[in-house]
Structure formats: C-alpha cells, structure tokens
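Following: one structure in structure tokens, then a few remarks.
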Amino acid sequence: MSIDIKLAIENRKSLKPRAKIQNIYCPGDDISTDNRLMRGHGTHCIDGRIISSVAGICERVNKLVTVRPLKTRYAGEIGDLVIGRILEVQQKRWKVDTNSRMDSVLQLTSVMLPSGETRKKTVEDEFMMRSFLKEGDLISAEVHNIFNDGAISLYSRSDKYGKLENGTLVKVSPTIIKRCKSHFHILPCNVNAIIGLNGYIWLSPLPVEDGDMETIIRDKATIARLRNCILALAEHCVQIYDTSIMAIFEASLKYKVEVDDCFYRKHCSLSNQDATKIRDKKQQQQNPWRHGCHSCETIHSTLYTSSLDYTVLWNIAMSAPLPGIL
Amino acid sequence: MTDILSETEKSFIIEGIQHNIRIDGRDLTEYRQLVLETGVSPNCNGSAHIRLANNDVLVGVKADLEETKEDTPSEGRLEFFVDCTANAAPQFEGRGGERLAYQICTMLSKAYSQPGTMDLGALSVMAGHRAWTLYVDVLILECGGSLMDAASLAVKAALADTKLPEVKVHQVENLLEVEVAEDPFATVSLDVSRAPVLVTLSRVGRHCVVDTNQEEEQCALSQLVLAVDAEGQVLFAHSPGFLAADNLEMLDLGSSLGAQLNLSLHDSLRREQSLLHNNPGLKSERGLFD
C-alpha cells in the first residue's frame, strides 16, 4: 500500500497543445459575423455578431448555428429512457432527480404497482406510496411529458421500468450519451447496464440462482472495472453506448493491474494514442470549415482539467469513430 | 452533499467491502489519486492546492507580525480558518457550511497544537514583543469524501511552501522599529517535517476503510480521525460517532497510513522543488486551474 502524490506541474509538461483545435468555443468567443445565419441554442447576438454563450462544440444545420455544451443538465425529450432518484414523496406524486434543471415528477397514476397490477389507484395506494418508492430509491422511467417550464413528468407503467436494486449508479454528462435503439443492455461480461439518456448509468450483476461466492466477487470486480471505464470515457468526452463501453472494457482487460482509481488514467493514455492515429487520418481526408482557432490556452484553462487530451477533443469535434471499434 | 443512497445501493457497497472490492475497485486501505501543487497564490506567503479525487482544497498562509501573548512570550501562533464555499455543495450556501468548516478547523488546530508538531519558537522575531502569526485559510472548493485528509495535506503543503521575510525588530526609545532585509529573496522557510496529517478511518460493516468516497461515507457506521506525524505517531484521535471495539487495530492501520502519507508528501514537495529548480519556466506558466 503505497500512496502516490502526483504533482500538477508534472502533468502540465505533457499538456502542450499538439493539434490545432477546431470547432470548439468558449463563452464569449465570436462564431460568425455573417448576418444571414440564425442563432440557436448556446449562442447570443451582440452587434450582429454571433457569440458563444457556453463552452462546447459548434454545430451548423443550414443557417442555424448552435453550440452544444460539453457539460450541461439534461433537457428532456419525450420517450427518453432516464434513471432518476426519488427526492420526495408528495401527495399522489414523487419528486425525482433526473439531472435536469428542475425536479421531475412521477405521478402515482403512472407507476405500476409492485404486484404488477395496472388498476386504478385508490386512496389506500396513496397512503402506501412510501412503501412503493421512498426517498433515495432509484427508478428507471420514460419521459412522458415536458412542462412549459422544462420540468419533466415521468412514466414507468411498464414492466421494463421500475425500481432499480442491487447495483451501482454512475453519473456522467448527458451530452455524451449516445441515443440508441435500446438503452437496456446485457453486457457480455454478465452485467446488466441501463444507460439513461440523462447521464445516469445503472450497472447491476445479472441475477443468478444460488450464486456462489466466486461469482459474486467476480461480478463485483467487473462492475467496479466497468464503472471506472465509463468514467474514463466520460473524462475524455467519448460517446457512451454499449459498444464503446465494451470496447474500453475489453481494452482494459489487458492490464493486469487490479482495477483502481488511477487505473483508468493509464488506460486512457492508450486510447489517446489510438485517437491520434485516427486524427491524423482524418486530417488528411478533410479540411474542416472553420480555420484559425483562438489560443489553445484559453480553452484549456476554461474548459478542461489537466488530464484531458486535445486529441480527444479533436475526436469529438470531428465526430470520429471510437478508438477500438474501428 | 451527494444524494441519499437507497438501501440496496448501500447493501451493494457494504457487501463489496466485505469482499475487499470497493465500488471504484480500490482496496480497503488504498487512497485515491492525489494531485498537489504549491505556490498557487502570489498574494500569500505560502499556498497549496490539492485534489484528492474530486476533493478540491486550496490553502493560503498569510503571515503577520503581531504582539506576542503573555503566556508564550517567545512563540508565534497558528490560526486556522476554514471556508466551505457554496461551489462545493449547494447546502453550503449562506451559513450552511459553517458546521463542517468548524469541525475541520477544530481538528486542524487540535492537530497543530500538539507539542512538537511545529517549532513555534522559530516564528518569534523579538522575544516578548513581536512574533509571526500564521493565518492558515483553508478554502473547500469541492468535496468528495475524506475531506479532512485532503485539507490536512493541503495545510501541510502550504506551510512547507511558506516563506517568511527576514525581519529584525529594534527597540528605539520605547518604539519598535521593524527592519526588513533589503534582499527580497532573503526568506525563511518553516520546518514542517513533524507536522501531522489527518487520517480518517471509517467502519463499514465489520471492516475498516480509508479514504471513503461520498457514497461509502453514507454506509459508514462510525468514523475515527487520527492526527499522525511522519514517524507514525498518533498525536490524537477523535471519533465523532461511537468508538468501535477493535480500535487498536484501527490505530495501527491509521498510524502506518499516516506515516506513508507524510512520507509521500515530503517526497512530492521535494520533487516539485527540484523540478522547479531545474526548469524555472514551469513556474511562469502556472495557473490555478489548469
């Protein structure tokens, strides 16, 4: 058991900007002075100039210019699968934290009773609310509706959804969750993963009948490794979905080191090398529309902590495929 | 600070700890990643910024020439002040963080008031008249479990970084005259080799866990905070909860971990010094948050 105290200045040496960053904006950066463009989310207009109001990646759809922030709260969309935590039991409804700007609402009428019934809820059910779901409980649910103020109303009246038990929650930024056909996955490493579009990811071992000690321990180690892998992806702003999780998980198996907190940093240096290769390839292929970038230092100090690599930023900016799954 | 865990999440964590697998894959006695930087604030005599996983603590030490106390005429003083910013947690807004700040502050001042931890005599400028008072300001920017450990490491690093100007005080006809050395680089450093660090041990189930993250902290039955010096000597112990039966075992673990922490800190501080000495350019690029 040795304790390693790293020095910030040691990290900094390797942080000389390697690539010119394209397409990434800090708050206050000029995006365009072209007055034919329309300003979208994440931008504002001063004297006819379109200026970024968040730190993120600029996207253009025809005339519409938006800046997608790298770190943000979840803005709900109807039909999304989300994972939430019960904050409060109220009359006929629960208040749920779903990583959005406002607390979400789960109506008593939009849950399924523990017995699986979908009957009309009675007054007795209202009294029993805390026995169904109490403060701190985690649920998976669907976004049912979005109110005018942005608050989300949830819906979990299906046997797919409901209370989550025996597992662990990983929180990442909702921007890096990839929208997929299904968000319920049984990963090949015997782990059940529910990837909520709000950036909450639930990992739990597959239920086993009379599982022996060895399986339990192995599953726990796998979940710990997966958790660190997901955080590694999040730290490097790589999109998260089942394939990317499994790719990084398999890459991590090479390391004999038992999963530990520093582990994912070691792993990331590997994916960065891959990312550099991809970037070089991309660079030859295309010339991005935006040239002449502001000082990398500004972005660096505003946006990222020391461990983030520019190559990865480039990756997002170019929406390059993931390392490992090429 | 973090949300309340559900019962099943807690049991998942506790069960894992029984098998020596924590949710982040660490061993029970393993610390998370620590990143240290000293000399971050030019306005202070000494400063340090430490990150322990997502704990973020900034410490500044300011020195002031003050009149000595009557009971300790040839000693300086150390004053601690801890501020939990609302950036760390929304609950800290207004007076919300005061309780935690007070706890950390008491622990730090208790740890440093143990005899032999700091040579307070070295702070004396003119016995019976003037001595340095070091105001140690601890700013909690982000917290993520085991805050005390991070704060104490940062305090020690900041004290190691502290440079006091060379001054002389003369007495001219009942008036004290302070004379500062002409060379601005003529400074005195403090000896922190015996300064303690705090080690928090948590009891989860039947096991003893160090450096708990916020989730694990919620599962802990009790906590034991130890002030340990570089030789592994436990200067004092404080348990906010009830004292567990096999405390001796915990003390042993705490003392060896504390000694380790102290040694690694000394080592890192030396490494930083030599790095900066060999490559002074590093200093000019320094900024607090990159």
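The values are calculated or read from the model by the stated rules, or taken from the named source; none is laboratory data. None of these values were measured; they are calculated from a predicted model. For neighbour counting, all protein chains shown are included, and Cβ atoms are generated from backbone atoms with ideal geometry for every residue, glycine included. When the accessible area is computed, the model is the full protein with side chains, heavy atoms only, and any ligands, DNA or RNA have been set aside. Shrake-Rupley method; radii C 1.70, N 1.55, O 1.52, S 1.80 Å.
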Of the criteria (1) under 16 Å from B:Gly16 (Cα atoms); (2) open to solvent by less than 20 Å² (accessible area, probe 1.4 Å), which one A:Glu214 fails: (2)
Matching entry among B:Asp290, B:Asp246 (being open to solvent by less than 70 Å² (accessible area, probe 1.4 Å), in contact with a Phe, Trp or Tyr (Cβ under 9 Å, 6 or more places away or on another chain) and modelled with pLDDT under 70): B:Asp290
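Can you give me the number of residues within region B:53-84 that are assigned to a loop (DSSP other than H, G, I, E, B) and buried (at least 17 other Cβ atoms within 10 Å of the Cβ)? Explain how you work it out, then say what you get.
Just the residues of region B:53-84 that are assigned to a loop (DSSP other than H, G, I, E, B), to begin with: B:53-54, B:68-76.
Applying the additional criterion that residues be buried (at least 17 other Cβ atoms within 10 Å of the Cβ) yields B:53, B:68, B:75-76.
Residues flagged as assigned to a loop (DSSP other than H, G, I, E, B) and buried (at least 17 other Cβ atoms within 10 Å of the Cβ) within region B:53-84 amount to 4.
Condition check ((1) at pLDDT 90 or above; (2) open to solvent by 10 Å² or more (accessible area, probe 1.4 Å); (3) more than 14 Å from chain A (Cβ to nearest Cβ)) across all residues:
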{"site": "B:Ser189", "(1), (2), (3)": "no, yes, yes"}
{"site": "B:Ser202", "(1), (2), (3)": "no, no, yes"}
{"site": "B:Glu217", "(1), (2), (3)": "no, yes, yes"}
{"site": "B:Ala220", "(1), (2), (3)": "no, yes, yes"}
{"site": "B:Gln223", "(1), (2), (3)": "no, yes, yes"}
{"site": "B:Glu231", "(1), (2), (3)": "no, yes, yes"}
{"site": "B:Phe242", "(1), (2), (3)": "no, yes, yes"}
{"site": "B:Leu253", "(1), (2), (3)": "no, yes, no"}
{"site": "B:Gly258", "(1), (2), (3)": "yes, no, no"}
B:Ala101 being more than 14 Å from every other protein chain (Cβ to nearest Cβ), within 25 Å of A:Ile230 (Cα to Cα) and either surrounded by fewer than 24 Cβ atoms within 10 Å (Cβ to Cβ) or under 14 Å from the mean Cα position of the chain (by Cα) (or both): no
Enumeration of residues in region B:20-52 that are farther than 30 Å from B:Leu164 by Cβ and open to solvent by 40 Å² or more (accessible area, probe 1.4 Å): B:Asn20, B:Asp27, B:Glu30
Residue in region A:181-197 that is open to solvent by less than 50 Å² (accessible area, probe 1.4 Å), free of Cβ contacts under 8 Å to residues at least 60 places away in the same chain, under 23 Å from A:Ala141 (Cα atoms) and charged (D, E, K, R) present: no
Cβ pairs under 8 Å, 6+ apart, first in region A:140-152 and β-branched (Val, Ile, Thr), second surrounded by 20 or more Cβ atoms within 10 Å (Cβ to Cβ) and part of a loop (DSSP other than H, G, I, E, B): A:Val143/A:Gly76; A:Val143/A:Asp80; A:Ile146/A:Gly76; A:Ile152/A:Gly76; A:Ile152/A:Thr98
Test for A:Ser244: is it open to solvent by less than 60 Å² (accessible area, probe 1.4 Å), under 13 Å from A:Cys189 (Cβ atoms), modelled with pLDDT of 50 or more and touching a helix residue (DSSP H, G or I) at 6+ places or on another chain (Cβ under 8 Å): no
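Would you pick out the residues in region B:3-17 that are surrounded by fewer than 20 Cβ atoms within 10 Å (Cβ to Cβ) and within 10 Å of chain A (Cβ to nearest Cβ)?
Within region B:3-17, the first condition is being surrounded by fewer than 20 Cβ atoms within 10 Å (Cβ to Cβ), and the residues that meet it are B:3-4, B:7-8, B:10-11, B:14-15.
Within region B:3-17, B:Asp3, B:Ile4, B:Glu7, B:Thr8, B:Lys10, B:Ser11, B:Glu15 qualify.
Being out of contact with any Leu (no Cβ under 6 Å at 6 or more places or on another chain) and either at the interface with another protein chain (Cβ under 10 Å from one of its Cβ atoms) or under 19 Å from B:Leu269 (Cβ atoms) (or both) is true for just one of B:Arg77, B:Arg51. Which residue is that?
Details: B:Arg77 fails: either at the interface with another protein chain (Cβ under 10 Å from one of its Cβ atoms) or under 19 Å from B:Leu269 (Cβ atoms) (or both).
On inspection, the qualifying residue turns out to be B:Arg51.
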Tally, over region B:11-27, of residues that are out of contact with any Gly (no Cβ under 9 Å at 6 or more places or on another chain) and modelled with pLDDT of 85 or more: 3
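Might you check whether a residue that is of a type in the set (Gly, Ala, Ser), open to solvent by 20 Å² or more (accessible area, probe 1.4 Å) and not in a loop (DSSP other than H, G, I, E, B) occurs anywhere in region A:78-96? Reasoning before the result, please.
So the first thing to find is which residues in region A:78-96 are of a type in the set (Gly, Ala, Ser), and the list is A:79, A:84.
Now narrow it down to the ones that are open to solvent by 20 Å² or more (accessible area, probe 1.4 Å): A:79.
Next, only the ones that are not in a loop (DSSP other than H, G, I, E, B) stay: none.
No: zero hits.
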Selected residue [under 24 Å from B:Arg51 (Cβ atoms) and in contact with a strand residue (DSSP E or B) (Cβ under 9 Å, 6 or more places away or on another chain)] from B:Thr212, B:Thr187: B:Thr212
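Can you report the number of residues in region A:103-161 which are within 14 Å of chain B (Cβ to nearest Cβ), assigned to a loop (DSSP other than H, G, I, E, B) and open to solvent by 20 Å² or more (accessible area, probe 1.4 Å)? Outline the logic, then answer.
The initial filter retains those residues of region A:103-161 that are within 14 Å of chain B (Cβ to nearest Cβ), namely A:103-104, A:130-140.
Those still in the list that are assigned to a loop (DSSP other than H, G, I, E, B) too: A:103, A:133-137.
Then keep just the ones that are open to solvent by 20 Å² or more (accessible area, probe 1.4 Å); that gives A:103, A:134-135.
Number satisfying all stated conditions: 3.
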